[in-house]
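Asker: Input: one structure, supplied below.
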Amino acid sequence: MNMTTPIEQREFKIVGKSVKRDDVLEKVTGEAQYTGDIKLPGMLHGKIKRAAIAHARIKSIDVSKALAYPGVKAVLTHETVPRVLHYGSPHPRSASCTKDQYILDHKVRFWGEGVAAVAAISEEIADEALDLIEVEYEALPGVFEPEDAVQLGAPLIHEVGPGGNLVLDPVRVNRGDIDKGFAEADFVLEGTFAGGRPHPAYMEPNVCVADWDGSNKLTFWTSTQTSFMVRGILAEVLGLPLTKVRVLVDHMGGGFGAKQDLFQHEFLCALLAKETRRPVKMEFTRHETFVAGRSRHPCKIWLKQGFKNDGTLVARDMKLVYDSGAYGSHGPGVTIVGTTAATSLYRCENVRLEGRCVYTNTPINGAFRGYGVVQSYYALDIQMDEAAERLGMDPAELKLKNVVRAGDIAPSGHPIIGHGLEICLKHGIDVLDWTTLRGRDRTPDPKRPHIRKGWGIGCEMHGSSAYPGIKEQGNATVKVNEDGTVTLLTGAAGLGTGAHTALAQIVAEELGVRFEDVGVIHGDTDVVPWDIGAFASHTTYLVGTAAKMAAEKVRAAVLARAAMKLQVSAEEIDLSEGKVFLIAEPDRSMTVSEAMGPSRGIPAANIVANGTYEPTKSYSFAAHFTEVDIDTETGIVEVKRVVPVHDVGRVIHPIAAQGQIEGGIQQGIGHTLTEDYVIDKKTGRSLNAGLVDYKMPLSMDMPDIETIILEAAPDPGGPWGAKGVGEDPIIAIGPSIANAIHDAIGVRFHHYPITPEDILKALREKGA
Amino acid sequence: MKRMVEFTVNGEAREMAVNGCCSLLDALRDEVGLTGTKKGCDVGDCGACTVLVDGEPVNACLMLAVEAEGRAVETVEGLQPGVDRLHPLQDAFMRHGASQCGFCTPGILMMAKKLLDDNPHPSDEDIRFGLSGNICRCTGYTKIFDAIKSAAREMEATRP
Ligand code: FES
Ligand code: FES
């Protein structure tokens, strides 16, 4: 298996260089085609009628006026669409999903849920027709907080599942002997923590276009991270073989995890197109991306840990409750990953964890960068800081003492191979001269006496791949064309991370051709090899290895063909930078183009090979060092400087990797200080579903970020030791800010977002 | 009721029939067929639809197409000085990794062009302030700032 294979060392020609991204060329010229840019002849526009009630039974629904409205071509309700119970999340039949959705149901489970859909000749007409649909509801009592939802006698939101509004049976992890651990402890810390409901707010609202042909085949363009899962679930629910569903996605305007579900509007778009026999486009408004999109699971955590006076952690007892919203979506996966993650980060032999996931009558929470771990590591890392305070120790020292190390059992259950957290921490401590920084004079600047400065550290680790929850498979096809150029076919989605460029770099490096000679074909389920989807920070690790395997095979075949032409044996020749040459006599050579092209008696040919990879998992690590300024008059926390130190194994494209880290920090600053999608606790109504009221950090709010990437601990499971990077930054930044706030004003916050009101209130209480 | 409206887009005269309520953004995307300009919110909150009208940046989603009558509209599609040449900003965005998903990019490029046209030597604060109406959710802006500074230097060096 991948843990025993040594990592091949070589002089890299392409890997590790920030080559130009082809997809970015299209983006800066405006040529890149996103799903919303598609316009087909005769195309109709679809819109969804959304419930203005959070929990209700539909008594009747009258669409006659809407149907009669000029320009309206079709209206669908729960009475006219197939009733098939289906998965919302993309991993059918794996542990991380739950079957609890219908395309349209006779019940409403959250404010804003779709109850009918219209197709019309224009968006305006479709919109106007929505108002003509008359729905009569029988209101049901709603539950908006997990605490209320699990009370005996609480209204039940679903008929399926384990009951009691649980999405899945509680996730329990026991290691060692928790009672023995606490008995050995010199002191115990106990606290409750709470995370809000941050929303991914990708810039491209969800959008899809459906078109059926005369053979009853559906062509479906959609902004998704998981096109093959969309194909699978659509086919299953619509009763079609996979050959009759083709899913296409070229460029997409971000996803951050949340574009992994199969959304209600996607089914409805396909059905409206079928009903009208015309192409239909359905595009979310920004309001709908909040209401009908997916956010991070709000979470309540109780954490109790026992420590020895020398700082050793001896017991960890933790209970987590994730709020799933009205449907399961990624609730099971998030609960399993977020809960089991707490076995690790800081080593502890005696661990007892319990994670629950609860339905509420609120908008659906789903996958989002940092998948359940943002919540659990926020608590772990802050309590570590508290323990350091109690011990009178530098938190950096205590964290260093306790961080996981090589050989420790990872959350996935196997020993960690590439372990880089210790190195990241040490590196940050050195470059910042942390000890001096902590011991600095704390007298406020007389010119700005109301400003308090603080520094904090946050640590994290995160897996590349969703193993063991999902046994993943990565695929790639590599073709060497008759002119020596190379085509890589991949199912990996192009979220904007630069994944396709990294894959092309890997192929070029392994095969021995120029980067410019590799073209990438993606985004068409009828053409490219099957892909599990772009999530779990795994594309470079998983698909990258598959691409490398395929490239290795075609390389051998190219060498064999060239050997024949050069009339030597394949062992005598090598291939580099598009040239095949005799090892002993490098001047005797031919280009790959000559090797592939025609010569006397040998016609031109293609060489094709596939790579399939089924890995376990690697872990990436990060320590973030963060400086904040707190205005004690306004309560505003300004993040001034972040030094993120990451171990991502082998770096394939440095600028793309840095970009992931900086973007993750931006989102994490938002989560920690300003972002919270607020649902009214009495009605379930959204209170800030828009980009002004939902406040994200923008250009004026960004700190100086000095990204440091260490290739500290390559993992043999990834190409030349490469690991994931997409999710890590968003996990570490949160606790680093909370810890810096404590350093600045001496107040501990256990929740996010930490608002100016919270700061002012805490300062008042502290002063009193 | 549709109305005829005429304006130039990237120097070319365009004439079209639009509804009175049609935004400049929808007119550009649906009538002119230039989809480079993006719709991130349609209510003036995100800056993805930023274009220049008579040289001034506007949110095209907030301007009616009929208000553009007789005016000169510039979009991302008009940035390239020649078929095979990129504007220094486009080139710098590529080199510095200033575009990830790219959905904010056309709007940010137009805003940055305006910024550099007015102020060839912007300070860091000028750049931050200049982009304060453009949301980018992918990059953390760091690389966008780098790219704009680099393009400013490049334009300075090649200025006659
Ligand atoms: S689309 Fe115009 S500002 Fe968002
Ligand atoms: S690059 Fe994705 S929003 Fe800016």
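Asker: Tally time: how many residues in the stretch B:75-122 are within 16 Å of ligand 1 (Cβ to nearest atom), in contact with a Ser or Thr (Cβ under 9 Å, 6 or more places away or on another chain) and of a type outside the set (S, T, N, Q)?
Answerer: 10
Asker: What pairs come out if I take residues in the stretch B:119-138 that are open to solvent by 40 Å² or more (accessible area, probe 1.4 Å) and pair them with residues that are acidic (Asp, Glu) and assigned to a helix (DSSP H, G or I) whose C-beta lies under 9 Å away, six or more apart or interchain?
Answerer: Final answer for the pair search is B:Asn119/B:Asp126; B:Pro120/B:Glu156; B:His121/B:Glu156.
Asker: Which residues, counting only those in the stretch B:69-102, are touching a residue at least 40 places away in the same chain (Cβ under 8 Å), within 13 Å of ligand 2 (Cβ to nearest atom) and open to solvent by less than 10 Å² (accessible area, probe 1.4 Å)?
Answerer: Selection gives B:Phe93, B:Ala98, B:Ser99.
Asker: Would the stretch A:87-97 turn up any residue that is farther than 30 Å from B:Pro106 by Cα and within 14 Å of another protein chain (Cβ to nearest Cβ)?
Answerer: Going through the stretch A:87-97, the residues farther than 30 Å from B:Pro106 by Cα turn out to be A:87-97.
Then keep just the ones that are within 14 Å of another protein chain (Cβ to nearest Cβ); that gives none.
Checked the stretch A:87-97: no residue is farther than 30 Å from B:Pro106 by Cα and within 14 Å of another protein chain (Cβ to nearest Cβ).
Asker: Here's something else I'd like to know. Exactly one of these conditions fails for B:Val32: (1) open to solvent by less than 30 Å² (accessible area, probe 1.4 Å); (2) without any contact (Cβ under 8 Å) to a residue 60 or more places away in the chain; (3) touching a helix residue (DSSP H, G or I) at 6+ places or on another chain (Cβ under 8 Å). Give me its number.
Answerer: The failed condition is (3).
Asker: Among the residues in the stretch B:15-30, are any within 16 Å of ligand 2 (Cβ to nearest atom) and either within 8 Å of chain A (Cβ to nearest Cβ) or more than 30 Å from A:Ile655 (Cα to Cα) (or both)?
Answerer: So the first thing to find is which residues in the stretch B:15-30 are within 16 Å of ligand 2 (Cβ to nearest atom), and the list is none.
No, the stretch B:15-30 contains no residue that is within 16 Å of ligand 2 (Cβ to nearest atom) and either within 8 Å of chain A (Cβ to nearest Cβ) or more than 30 Å from A:Ile655 (Cα to Cα) (or both).
Asker: Here's another thing I want to ask about it. I'm trying to understand the selection: among the residues of the stretch A:190-216, which are crowded, with 21+ Cβ neighbours inside 10 Å and hydroxyl-bearing (Ser, Thr, Tyr)?
Answerer: A:Tyr202
Asker: Which of the residues belonging to the stretch A:235-263 are buried (at least 24 other Cβ atoms within 10 Å of the Cβ) and in a helix (DSSP H, G or I)?
Answerer: A:Ala258, A:Lys259, A:Gln260
Asker: If you don't mind, there's one more thing I want to ask. Answer yes or no: is there a residue in the stretch A:658-679 that is open to solvent by 30 Å² or more (accessible area, probe 1.4 Å), in contact with a Gly (Cβ under 9 Å, 6 or more places away or on another chain), over 23 Å from A:Ser295 (Cβ atoms) and not hydrophobic (A, V, I, L, M, F, W, C).
Answerer: Narrowing the stretch A:658-679 to residues open to solvent by 30 Å² or more (accessible area, probe 1.4 Å): A:658, A:674, A:676, A:678.
Those still in the list that are in contact with a Gly (Cβ under 9 Å, 6 or more places away or on another chain) too: A:658, A:676, A:678.
With over 23 Å from A:Ser295 (Cβ atoms) added as a condition, the list becomes A:658.
Right, trim to not hydrophobic (A, V, I, L, M, F, W, C) and you get A:658.
The answer is yes; a qualifying residue exists.
Asker: Applying the selection to the stretch A:397-421, what residues are open to solvent by 10 Å² or more (accessible area, probe 1.4 Å) and among the small types (Gly, Ala, Ser)?
Answerer: A:Ala406, A:Gly407, A:Ser412, A:Gly413
Asker: For the stretch B:43-58, enumerate the residues that are within 16 Å of ligand 2 (Cβ to nearest atom) and open to solvent by 10 Å² or more (accessible area, probe 1.4 Å).
Answerer: If the condition is that a residue be within 16 Å of ligand 2 (Cβ to nearest atom) and open to solvent by 10 Å² or more (accessible area, probe 1.4 Å), then B:Asp45 is the only one that fits.
Asker: Let me ask something else. Only one of (1) crowded, with 24+ Cβ neighbours inside 10 Å; (2) part of a helix (DSSP H, G or I) fails for A:Asp715. Which number is that?
Answerer: Single failed check for A:Asp715: (2).
Asker: Can you name every residue in the stretch A:42-85 that is open to solvent by 40 Å² or more (accessible area, probe 1.4 Å), assigned to a loop (DSSP other than H, G, I, E, B), touching a residue at least 40 places away in the same chain (Cβ under 8 Å) and of a type outside the set (Gly, Ala, Ser)?
Answerer: A:Tyr69, A:Pro70, A:Pro82, A:Val84, A:Leu85 - these are the residues of the stretch A:42-85 that are open to solvent by 40 Å² or more (accessible area, probe 1.4 Å), assigned to a loop (DSSP other than H, G, I, E, B), touching a residue at least 40 places away in the same chain (Cβ under 8 Å) and of a type outside the set (Gly, Ala, Ser).
Asker: (1) open to solvent by less than 10 Å² (accessible area, probe 1.4 Å); (2) of a type in the set (S, T, N, Q); (3) assigned to a loop (DSSP other than H, G, I, E, B): which one isn't true of A:Asn309, the others all being true?
Answerer: Evaluating A:Asn309 over (1) open to solvent by less than 10 Å² (accessible area, probe 1.4 Å); (2) of a type in the set (S, T, N, Q); (3) assigned to a loop (DSSP other than H, G, I, E, B) leaves (1) as the failure.
Asker: For the stretch A:594-653, which fully contained strands (runs of 3 or more DSSP E) count at least 1 residues that are open to solvent by less than 10 Å² (accessible area, probe 1.4 Å) and touching a Ser or Thr at 6+ places or on another chain (Cβ under 7 Å)? So that I can check it myself, show each step before the final result.
Answerer: Values: elements: A:607-613, A:618-631, A:637-647.
Output list reads A:618-631, A:637-647.
Asker: A follow-up question, please. Check whether at least one residue in the stretch A:104-117 is farther than 28 Å from A:Gln260 by Cα and either in contact with a helix residue (DSSP H, G or I) (Cβ under 7 Å, 6 or more places away or on another chain) or open to solvent by less than 50 Å² (accessible area, probe 1.4 Å) (or both), and report yes or no.
Answerer: Residues of the stretch A:104-117 farther than 28 Å from A:Gln260 by Cα: none.
The answer is no, given that none of the residues of the stretch A:104-117 is farther than 28 Å from A:Gln260 by Cα and either in contact with a helix residue (DSSP H, G or I) (Cβ under 7 Å, 6 or more places away or on another chain) or open to solvent by less than 50 Å² (accessible area, probe 1.4 Å) (or both).
Asker: Spot the failing condition for A:Gln666; the list is (1) in contact with an Asp or Glu (Cβ under 9 Å, 6 or more places away or on another chain); (2) free of Cβ contacts under 8 Å to residues at least 60 places away in the same chain; (3) within 16 Å of ligand 1 (Cβ to nearest atom), and only one is missed.
Answerer: With (1) in contact with an Asp or Glu (Cβ under 9 Å, 6 or more places away or on another chain); (2) free of Cβ contacts under 8 Å to residues at least 60 places away in the same chain; (3) within 16 Å of ligand 1 (Cβ to nearest atom) applied to A:Gln666, the lone miss is (3).
The values are calculated or read from the model by the stated rules, or taken from the named source; none is laboratory data. Small disclaimer: the values here were computed from a predicted structure and weren't measured. Ideal geometry is used to build each Cβ from the backbone, glycine not excepted, and the neighbour counts take in all protein chains shown. Note: areas computed on protein heavy atoms with side chains; ligands, DNA, RNA excluded. Shrake-Rupley method; radii C 1.70, N 1.55, O 1.52, S 1.80 Å.
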